[in-house]
1. For the condition at pLDDT 95 or above, surrounded by 12 or more Cβ atoms within 10 Å (Cβ to Cβ), within 19 Å of Gly35 (Cα to Cα) and of a type outside the set (Ser, Thr, Tyr), what is the one hit in Leu103, Leu73, Leu99, Leu89?
2. Quick check on the range 43-51. Is at least one of its residues under 25 Å from Ala115 (Cα atoms) and of a type outside the set (D, E, K, R)?
3. Residues in the range 113-131: is at least one under 17 Å from Phe24 (Cβ atoms) and either exposed (fewer than 13 other Cβ atoms within 10 Å of the Cβ) or of a type outside the set (Val, Ile, Thr) (or both)?
4. Output yes when any residue across the range 69-88 is in a helix (DSSP H, G or I), of a type in the set (D, E, K, R) and free of Cβ contacts under 8 Å to residues at least 24 places away in the same chain, and no when none is.
5. Which of the residues belonging to the range 35-67 are loosely packed, with under 11 Cβ neighbours inside 10 Å and over 26 Å from Asn106 (Cβ atoms)?
6. Just one of Ser91, Ser139 is under 28 Å from Met50 (Cβ atoms) and in a strand (DSSP E or B); which is it?
7. Residues in the range 92-107: is at least one out of contact with any Lys or Arg (no Cβ under 6 Å at 6 or more places or on another chain) and of a type in the set (D, E, K, R)?
8. Every residue in the range 90-146 that is in contact with a helix residue (DSSP H, G or I) (Cβ under 9 Å, 6 or more places away or on another chain), small (Gly, Ala, Ser) and over 22 Å from Ile20 (Cα atoms), please.
Amino acid sequence: MQRNDLKPIMDALRRVNHAIHRQFHCIASGSGLKGHQVRYIELLSREGPMSAKAISEALHIDKGHTSRVLSELTGLRLVCRTGCGRGALVSLTPEGQALSCALTENIDRIAGLAAAEISDAELETFLGVMQKIEGVFESQTGAEQRLP
């Protein structure tokens, strides 16, 4: 690997991200949900009550799709809406919170298995490298980008 070539790191990050998403899909299929529905549950668990517009923006999904998914999740009694109209907030019901806890526990269990394979020094180095890469990408957000 050349010093200025981050492709192997970026590829590894994509593989880890896909592995995490595959795990979410496995958990989702065991709960009867579809993978995309789990993303909404996970977001609401992490961020708390949100408007449908904020959910669409956070997930980078169009409002029509978000509306359909929220209707599905409301029908399954996993989310509820408080308020009226566009200002209504969507939040997890107790059933949705229980599902979110189960998802988190499973992911945390697997993350614990992975952490057991990594020394404290390796973890510290990895996190430092990731913070540097994140900083560079964040500094370029919004910068003029030209495709060849």
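The values are calculated or read from the model by the stated rules, or taken from the named source; none is laboratory data. The structure presented is a predicted model; accordingly, all values stated were derived computationally and were not measured. Because the Cβ atoms are built from the backbone with ideal geometry, glycine has one as well, and the counts that use them run over all protein chains shown.
1. Leu73 is the lone residue from the list that is at pLDDT 95 or above, surrounded by 12 or more Cβ atoms within 10 Å (Cβ to Cβ), within 19 Å of Gly35 (Cα to Cα) and of a type outside the set (Ser, Thr, Tyr).
2. Yes - at least one qualifying residue is present in the range 43-51.
3. Scanning the range 113-131, I find at least one residue that is under 17 Å from Phe24 (Cβ atoms) and either exposed (fewer than 13 other Cβ atoms within 10 Å of the Cβ) or of a type outside the set (Val, Ile, Thr) (or both), so the answer is yes.
4. So far as the range 69-88 goes, no, none of its residues is in a helix (DSSP H, G or I), of a type in the set (D, E, K, R) and free of Cβ contacts under 8 Å to residues at least 24 places away in the same chain.
5. Within the range 35-67, Asp62, Gly64 qualify.
6. Ser91
7. So far as the range 92-107 goes, yes, one or more of its residues are out of contact with any Lys or Arg (no Cβ under 6 Å at 6 or more places or on another chain) and of a type in the set (D, E, K, R).
8. Within the range 90-146, just Ser91 meets the criteria.
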